[in-house]
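Readers should treat all values here as calculations from the given coordinates under stated rules, not as data from a laboratory. Predicted, not measured: the structure shown is a model, and the values here were computed from it. When we count neighbours, we look across all protein chains shown, and the Cβ atoms used for this are built from the backbone with ideal geometry, even at glycine.
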Amino acid sequence: MLQLKQRGFFNGLLLGMTLSFIAGVVVLYLLTVLEIISIDVLEVPQIQGLFEWSRRNLGLSILPFGITLGLYVHSLRALRQRLDDNRPLDEISQLEHLNDVWTSLFFGIGVIWTAIGMRSALLYALGDADVAAQTGAYAVLQRLVEGGILTALTTTIVGGVGGYVMRVTKSSLLGARLSRYYESQEQHHASRIEALLSDIREAINGTGARGSAALVLRGEH
């Protein structure tokens, strides 16, 4: 019992530290994307390059992507725990459905953010017809890049690849266990039906036997 409490304490501590670190990184990223602070304060070229690439190619889409991925991981762990505990069918199926929802939402974020990015880029590049007509094709392309077309294209790739990776991960980690669980549930349900039919058959046979005996007694009288 003491070991379980200690394990739960350390797991909670580790979870709290991880969430605090992630929250700090998210806040720092938001402040950098919104140009409230400069990433130069870190003075680490690798981190600066990573933040700059993320800001240029993902922008604020990294937040819904990250939140959805976190919810997916949480639901996947919960589903695995429920399978270990052999919980009821409705609970397992609900968690699996929720996990599939997060995967579909990850796809959807990529599609939605692509549309938003393309619209913003086109409005920024072609919103002023006079300026677009006077500048050359290279200038228009440059304005498309500045308007967020790279973010639109990158989120499409991230949403598609990430969504398929999430599906493969679920199938690889829990696919076989889910199949065995649902098969065992079907067998259990079938056994219950067979037992119920057997009880009904015995009750009918008992009723018929008592009716025959009563008829024989009446005939003797």
Shape of the range 52-180, Cα gyration tensor, a/c cut at 1.5: prolate
Residue-by-residue Karplus 3J(HN,Hα) for the range 106-114, coefficients 6.51, -1.76, 1.60, Hz, glycine and proline x: 4, 4, x, 4, x, 5, 5, 5, 5
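Which of the peptides 177-184, 50-57 is most tightly packed, and how do the rest follow, judged by the mean count of other Cβ atoms within 10 Å per residue?
50-57, 177-184
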Packing rank of 58-65, 168-175, where each peptide gets the mean count of other beta carbons within 10 Å, highest leading: 58-65, 168-175
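Mind ordering 107-113, 193-199 by average Cβ neighbours within 10 Å, highest first?
107-113, 193-199
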